[in-house]
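In what follows, a single structure is set out as C-alpha cells and then discussed.
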C-alpha cells in the first residue's frame, strides 16, 4: 500500500495503529538476542583466557548479565502485559517496549566496552590472516604462542577475530552507530518512553505515601 501526498495518513499508519509498537517490538526481540550473544562471547573470552574466576572479571560478567537481562526481561514483560488498541488489536505493552528503546543508546555501547576490556590486548595478538598459519617459517611460533587455556591456536584466533568484528572493526563501528540511532536520537527514544509510561500509577504511590502522615510527624 502506497500513501501519496497524504501527510495525516502517513503519520496515522504508524501512530493510530499498532504498527509503530509492533515494529519496535521485533527490534527489541532482536536486541535481546544480540545482547545475549555479547554476554556469551564475553564469557567465552573469560574462560579461554583462564580469568573467569577472578572477582574483577566476575563483576564485569555480572554487569553484562544484568544488562542483557534488562532487555530480555522488558521484552518478555511487553508480551506478558499487552495493551489493546481502540480497534481491539492486542499488541505488546508500550511502556516496556519504549522503555527498552530508551535505554538502548546507552546499553549497547556499554556492553561493547565491557567486552573490549575483557578481551584486552588479546585482540592485537592474532595473526593478520590465515596465510600465516600456512607459512612454514611462522606456523610453529603461531601455534605455540597463540594458544591459551583449553584452546589451541586456531580456535583462539577464531574467537578473538570474532570479538574484533564486534568491538573494533569497521563493521563494529557501523553496528554501534546503528544501535544508538536506528530508532532516532536518544532524546527521541526517551520521549517515547516518557509519553508511553502511565505515570498515574507512580504518582498514586506518592500520593498514598503523602496522605499517610501529617506535616507535624515529618519534622
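The values are calculated or read from the model by the stated rules, or taken from the named source; none is laboratory data. Just so you know, these numbers come straight off a predicted model, no measurement behind them. Every residue, glycine as well, gets a Cβ built from its backbone with ideal geometry; the counts of neighbours run over all protein chains shown.
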Odd one out for residue 123 among (1) more than 16 Å from residue 38 (Cα to Cα); (2) at pLDDT below 95; (3) out of contact with any strand residue (DSSP E or B) (no Cβ under 7 Å at 6 or more places or on another chain): (1)
Looking at (1) surrounded by fewer than 17 Cβ atoms within 10 Å (Cβ to Cβ); (2) free of Cβ contacts under 8 Å to residues at least 60 places away in the same chain, which is the only condition residue 17 fails? (2)
With the condition being at pLDDT 95 or above, I'd like the helices (runs of 4 or more DSSP H) fully within the range 1-114 carrying at least 3 qualifying residues. 19-48, 55-80
Lone unmet requirement of (1) touching a helix residue (DSSP H, G or I) at 6+ places or on another chain (Cβ under 7 Å); (2) loosely packed, with under 13 Cβ neighbours inside 10 Å; (3) at pLDDT 85 or above for residue 150: (3)
Condition test on residue 9, is it in contact (Cβ under 8 Å) with a residue 60 or more places away in the chain and under 30 Å from residue 82 (Cβ atoms)? no
With respect to residue 90, determine if the residue is free of Cβ contacts under 8 Å to residues at least 40 places away in the same chain and exposed (fewer than 14 other Cβ atoms within 10 Å of the Cβ). yes
Does residue 107 qualify as being touching a residue at least 12 places away in the same chain (Cβ under 8 Å), closer than 15 Å to residue 30 by Cβ and touching a helix residue (DSSP H, G or I) at 6+ places or on another chain (Cβ under 8 Å)? yes
Limited to the range 168-181, what total is found for residues that are within 17 Å of residue 106 (Cβ to Cβ) and surrounded by 13 or more Cβ atoms within 10 Å (Cβ to Cβ)? 5
